[in-house]
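Okay, structure first, notes after.
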Amino acid sequence: MNTEEKIFYAARTVFQKKGFAGARMQEIADEAGINKAMLHYCFKNKQLLFEAVFMNAFSQLAPQINEIFNSEASIFEKIKNFTHNYISFVIDNPYLPPFVIQEMNNNPEFVMQFLKNESRPNPSLLLAQIDKEIEAGIIKPINPKQLLMDIFSLTVFPFAAQMLVKGLIQISESEFNTMMQERKTSIATQIINSIKT
C-alpha cells in the first residue's frame, strides 16, 4: 500500500468515526502511520483531503452504476441491481451522504464540478429505456425522471438523515443497520410492484 492509499484508508476510517467536523488531521496521520507534515505535504487541509476521499470513493461507485444503467437488463433488474449496489456502497462509506448535503450548502462549486465529471453516473440510457418499456406496456405510464427521483430518494434519505430517522422511529444503531440491509431488496420490490402493469 503506497502513502496515498494509506492516507485514503485512514481518512475514511476517521471520517466514518468522527464525521467531517470532528475529524482532525493529526488523527488521520496517526491512523495512516505517517507524520502530520507528510499528510499536509500530500493534502494541504482537511477539506481538500475530504474531497479527494469523496472523489476516490465515487470513482469506485460510478462505473458500477453506469454498468447497471447501460446494461441490456430489464428495467426491473436494473432497479434491483441499483438499490443493492448503492446501499452496499453507502454502508461501506456512510460519511458520504451527509458530506454531499454539507457540500451542496457550503461548497456548491465542488458538487457542480463533480456532476460535470465525464465518469459520473449517467442515467440517459436508463431514462430512454423507461420510455420504451412504458410504450411496450411493461410498466405503467410514469415520468422517467420521477421514477429515478423515487429510487434515489428511497435509497439515499435514510443515510443522509440517519439521526432523524433513528430518533423518529426509535431504533438503535444495530436496528438501523439491519433495516438498511433489508432495504437492498425491499425498496426494489416496492418500486417494481408500483410500476409494473
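Results for (1) farther than 20 Å from residue 96 by Cβ; (2) at pLDDT below 95, shown as yes or no for each residue.
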{"residue": "139", "(1), (2)": "yes, no"}
{"residue": "143", "(1), (2)": "yes, no"}
{"residue": "164", "(1), (2)": "no, yes"}
{"residue": "179", "(1), (2)": "no, no"}
{"residue": "186", "(1), (2)": "yes, no"}
* Among helices (runs of 4 or more DSSP H) lying entirely in the range 123-197, which contain 2 or more residues that are polar (S, T, N, Q)? -> 124-135, 144-160, 173-195
* Asked: Here are 38, 55, 112: which of them is within 16 Å of residue 4 (Cα to Cα) and free of Cβ contacts under 8 Å to residues at least 40 places away in the same chain?
  -> 38
* Of the conditions (1) in a loop (DSSP other than H, G, I, E, B); (2) touching a helix residue (DSSP H, G or I) at 6+ places or on another chain (Cβ under 7 Å), residue 13 fails just one. Which one is it? -> (1)
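Please work out which residue is surrounded by the most Cβ atoms within 10 Å (Cβ to Cβ), limiting yourself to the range 1-10 and to residues that are of a type outside the set (S, T, N, Q) and in a helix (DSSP H, G or I). Working first, answer last.
The initial filter retains those residues of the range 1-10 that are of a type outside the set (S, T, N, Q), namely 1, 4-10.
Imposing the further condition that a residue be in a helix (DSSP H, G or I) reduces the set to 4-10.
On the way: 4: 13, 5: 11, 6: 19, 7: 24, 8: 19, 9: 14, 10: 21.
Step by step, filter the range 1-10, then rank; the result is 7.
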* **Those residues of the range 94-122 which are over 18 Å from residue 157 (Cβ atoms) and in a helix (DSSP H, G or I), in sequence order** => 106, 108, 109, 110, 112, 113, 114, 115, 116
* Asked: Do you know which residues across the range 16-35 are assigned to a helix (DSSP H, G or I), without any contact (Cβ under 8 Å) to a residue 24 or more places away in the chain and not β-branched (Val, Ile, Thr)?
  -> 17, 18, 21, 22, 26, 27, 29, 30, 31
* Structure fact -> Note: among 54, 82, 8, 15, just one is assigned by TED's automatic domain parsing to the domain that holds residue 174 and either under 30 Å from residue 131 (Cα atoms) or not aliphatic (A, V, I, L, M) (or both), namely 82
* Asked: So, of the residues in the range 7-35 that are of a type in the set (Lys, Arg) and closer than 17 Å to residue 48 by Cβ, which turns out to be modelled with the lowest pLDDT?
  -> 12
* Structure fact -> Listed by first then second residue, the pairs whose first member lies in the range 158-177 and is in the same structural domain as residue 97 (by TED's automatic domain parsing), whose partner is at pLDDT below 90 and surrounded by 13 or more Cβ atoms within 10 Å (Cβ to Cβ), with beta carbons under 6 Å and at least 6 positions apart or on separate chains, are 159/90; 159/97; 160/97; 160/101
* To do: Assess whether residue 149 counts as being under 30 Å from residue 18 (Cβ atoms) and more than 13 Å from the chain's Cα centre (by Cα).
  => no
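Select from the range 46-79 the residues that are of a type in the set (D, E, K, R) and modelled with pLDDT of 85 or more and write down the one among them that is surrounded by the most Cβ atoms within 10 Å (Cβ to Cβ).
78
The values are calculated or read from the model by the stated rules, or taken from the named source; none is laboratory data. Owing to the predicted nature of the structure, the values given are computational and were not obtained by experimental measurement. Glycine also receives a Cβ, built like all others from the backbone with ideal geometry; neighbour counts cover every protein chain displayed.
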